[in-house]
Amino acid sequence: MQLLQGNHACALGALAAGCRFFAGYPITPSSEIAEFLARELPRLGGKFIQMEDEIASIAAVIGASVGGLKAM
């Protein structure tokens with residue numbers, strides 16, 4: 001059994017589900033998700049983009065999703 005913090009489990013679950021695009025910004029309580037995906041997504045051929053706010057983030061995620069990527 002492996003114990004994980006919630007944010008780490010969320011990021012690992014997203015990668016396991018095929019997420020290959022993340023647009024977000026570091027803000028508590030989810031900073032660890034962005035930090036982990038910034039490091040891991042490029043290794044898997046994915047894309048991490050740090051955005052300036054929630055509106056820009058959701059617009060980028062919608063665009064990636066419409067383009068066929070699993071995104072968050």
Filtered residue count, segment 49-72, keeping only those that are crowded, with 18+ Cβ neighbours inside 10 Å and either among the polar types (S, T, N, Q) or in a strand (DSSP E or B) (or both): 2
Residue count for segment 1-57, restricted to those that are charged (D, E, K, R) and under 17 Å from GLY67 (Cβ atoms): 2
Lone unmet requirement of (1) touching a Lys or Arg at 6+ places or on another chain (Cβ under 8 Å); (2) within 9 Å of ALA23 (Cβ to Cβ) for PHE48: (1)
Segment 11-23 - residue that is in a helix (DSSP H, G or I) and under 9 Å from the mean Cα position of the chain (by Cα) and, of those, nearest to GLU35 (Cα to Cα): ALA11
Matching residues, segment 1-10, being in contact (Cβ under 8 Å) with a residue 24 or more places away in the chain and either part of a helix (DSSP H, G or I) or crowded, with 18+ Cβ neighbours inside 10 Å (or both): ASN7, HIS8
Test: residue in segment 4-25 that is modelled with pLDDT under 95 and in contact with a strand residue (DSSP E or B) (Cβ under 9 Å, 6 or more places away or on another chain): yes
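The values are calculated or read from the model by the stated rules, or taken from the named source; none is laboratory data. Worth saying up front: this structure is predicted, and the values here are computed from it rather than measured. No Cβ is skipped: glycine too gets one built from the backbone with ideal geometry, and neighbour counts run over all protein chains shown.
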